[in-house]
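Before any comments, here is the structure.
The values are calculated or read from the model by the stated rules, or taken from the named source; none is laboratory data. Keep in mind that what you see is a predicted model, and the values were worked out from it rather than measured. With ideal geometry, Cβ positions are generated from the backbone for all residues, glycine too; neighbour counts draw on all protein chains shown. All accessible areas refer to the heavy atoms of the entire protein, side chains included, with ligands and DNA or RNA removed. Shrake-Rupley method; radii C 1.70, N 1.55, O 1.52, S 1.80 Å.
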Amino acid sequence: MKQAILLFILSLLCFFNNLTADDFKFSSEYLEYDVYWKFLNLGKIRVWTKVEGDSIYSRIHVESNPYIFFVNVNYTFESKFHKENPFNSYLNVYETKNGLPLKTTFLRKENEIVAKQFDIRNGTVIGQKSIPYPDIYYHGITAFFVARKLCGAGVVVYLPLLFATEEKLERPPFIIKVEKVRFDFLEQKEDVKISAFDSEVQTIKFNGYASFVSKELAGITGEFSGWLSDDWARVPIKATFNTFLGIVRLELSKWEKDKWKPPLKTN
């Protein structure tokens, strides 16, 4: 498995709900990001979100630039969760390895997190892993939405983030982990400039720190930052991460979101 998408356990659900930003509203959308290292375009990240009542379905596709020889990433992640209870939700990951199309599912089963890997062509189970973990957890997709809800709340939280990392001696060749990731949701507002807009965008910034290393996703580790639109939508405008290449940044390049216009800075 090659994933770490994209981050101290919140002991009570009421604690999480009380910290949410009052003006953030979930809504269906499509967001597309270009990924840059310096001036080199490394690839794209596409995010589809569909909201039906209190349920949210999200799919994220990460694909590296085929002309960049030193980065090779092509994954799709999907999950469905309740907008007020985003923890412990399932995660499906799709990839192709050595010509074999694979699907790996991560599910909560009683006091364990269970991962199963399938051959998509015939549904054959290739392998299964599990770890004991009775506490709540998030994964890359749900952490993405938690960050949008808490941004600007003026708090620091540690989210237990589920991820899998490749271990060639294991069968199937990955291990499951849950690591605590720090998020600083301070009330820090900034105007940022990205290629998609002629004017600067008004944003709210958050920072974070991941102690683990995602070897599979360009060695993401350490400090990261995100800039979300300073409005009801909290659309991620920009993000930066430490990788083995150095600082990599994401910039919003396309979007489809009803009734949303980027909050551009006015002179």
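The residues of the stretch 226-267 that are among the small types (G, A, S), open to solvent by 20 Å² or more (accessible area, probe 1.4 Å) and at pLDDT 90 or above amount to a single one, S253. In this structure, K189 does not qualify as touching a Phe, Trp or Tyr at 6+ places or on another chain (Cβ under 6 Å), among the charged types (D, E, K, R) and modelled with pLDDT of 90 or more. Filter the stretch 111-149 down to the residues that are more than 20 Å from T165 (Cβ to Cβ) and among the polar types (S, T, N, Q), then identify the one that is least open to solvent (accessible area, probe 1.4 Å). The selected residue is T124.
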